[in-house]
Amino acid sequence: MASILRKIFGPVRNKDGSCVIRMNHDLNELIENADIVRFITSRRIAWLGHVMWLDEKRIPKRLLDWKPIGRRIIGRPRKRWI
């Protein structure tokens, strides 16, 4: 789960301009020792609320509202190379 939190919060930029990944104790301080699964779920819900307010022409909003058409072929894919 720590790898997911590292992606959410991103790296730390030092004073000299270099980037360093966050350590586990830094991540625990950021989420204040909360339940990690609940924290990630709340961030996903926050992202969904952000996407819901986007313009209809934006790609994330179009992907959220997209309904696929047609049906998948059931079974093993046929061998096209023969």
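The values are calculated or read from the model by the stated rules, or taken from the named source; none is laboratory data. On a predicted model such as this, the values are computed, not experimentally measured, just so you know. All Cβ positions, even for glycine, are placed from backbone atoms using ideal geometry, and neighbour counts span all protein chains on display.
Within segment 1-31, being surrounded by 14 or more Cβ atoms within 10 Å (Cβ to Cβ) and over 20 Å from residue 41 (Cβ atoms) holds for 22, 26. Would you pick out the residues in segment 32-82 that are at pLDDT below 90, among the aromatic types (Phe, Trp, Tyr) and surrounded by fewer than 11 Cβ atoms within 10 Å (Cβ to Cβ)? Once the filter is applied, which keeps residues that are at pLDDT below 90, among the aromatic types (Phe, Trp, Tyr) and surrounded by fewer than 11 Cβ atoms within 10 Å (Cβ to Cβ), segment 32-82 yields 66, 81. Tell me which residues, restricted to segment 22-47, are of a type outside the set (A, V, I, L, M) and either in contact (Cβ under 8 Å) with a residue 24 or more places away in the chain or in a helix (DSSP H, G or I) (or both). Passing the criteria: 24, 25, 26, 28, 29, 38, 39, 41, 42, 43, 44, 47.
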